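Nothing in this text is a laboratory measurement; each read-out follows from the coordinates by a stated rule. Every value quoted in this text rests on a predicted model; they were computed, and no experiment measured them. Methodologically, a virtual Cβ is constructed for each residue, glycine included, from the backbone with ideal geometry; neighbour enumeration extends over all protein chains shown.
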Amino acid sequence: MSIGYFDDLADANLYFTDERLETSAWDELIDTYRTKALVQAYNRLYYHPDFDIPAVADATAAQLIILKKANAEMAYYMALHLADEDRRKGIISQGVTSAGIVKEVYDKGLAGKVPIPPIVDALLVDFTELKAFGMADLDRNEDKSVHTKVDEF
């Protein structure tokens with residue numbers, strides 16, 4: 001039975017053994033929690049509004065390579081930071097904007113944003129919903145450039 005984008009837990013453990021240098025947060029988890037971390041990480045990525053990633057059965061072999069890495073890195077982030085994230089999100093949802101003892105200031109605008117670590121964001125760049133685009137001059141029979149303002153006549 002698959003666990004997130006991994007075939008099984010042994011497949012996920014291979015990622016941490018073969019590819020990731022720092023694994024202490026993963027190593028401290030028992031297998032039940034490793035499985036939970038992978039499933040929760042998959043759900044966070046699959047349902048995240050910024051990404052349009054395929055379900056396990058619909059992913060190509062090339063996509064699976066990237067999606068497994070993203071799944072593992074998200075699981076590692078959650079193993080290391082989820083408890084702190086939950087506490088901070090709880091504080092922010094209660095309307096707290098700063099904590100004097102630890103000198104933290106909370107941005108209420110980020111209260112509903114689901115955190116994604118930079119490595120996962122970089123891995124999933126081809127799956128982002130918001131694609132950047134640009135303009136270029138086309139080979140047309142016109143004397144106007146793309147840089148010409150057309151709203152001012």
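At an R0 of 22 angstrom, the distance between the Cβ atoms of ASP8 and ASP52 translates into a FRET efficiency of 0.25.
In this simple spin-label model, placing a label point 7 Å from the Cα along the Cα-to-Cβ direction at both ARG87 and LYS36 gives a separation of 1.8 nm. Extension gain for TYR106 to GLU129 (0.36 nm times residue separation, less C-alpha to C-alpha distance): 5.6 nm.
Each of SER93, SER145 was scored by other Cβ atoms within 10 Å of its Cβ. Arranged with the fewest first, they read SER145, SER93. When 1/r is averaged over all different Cα pairs and the result inverted, which Kirkwood radius in Å belongs to the chain? Every distinct Cα pair counted, the radius reaches 18.4 Å. One chain, two ends: THR97 and LEU29. Fully extended at 0.36 nm per residue, the span grows by 21.2 nm beyond their Cα-Cα distance. Distances between placed amide hydrogens fall under 5 Å for ILE3 paired with ASP8, all partners being 5 or more residues away or on another chain.
Working ranking of peptides 40-47, 17-24 by packing, defined as the average number of other Cβ atoms within 10 Å per residue, highest first, is 40-47, 17-24.
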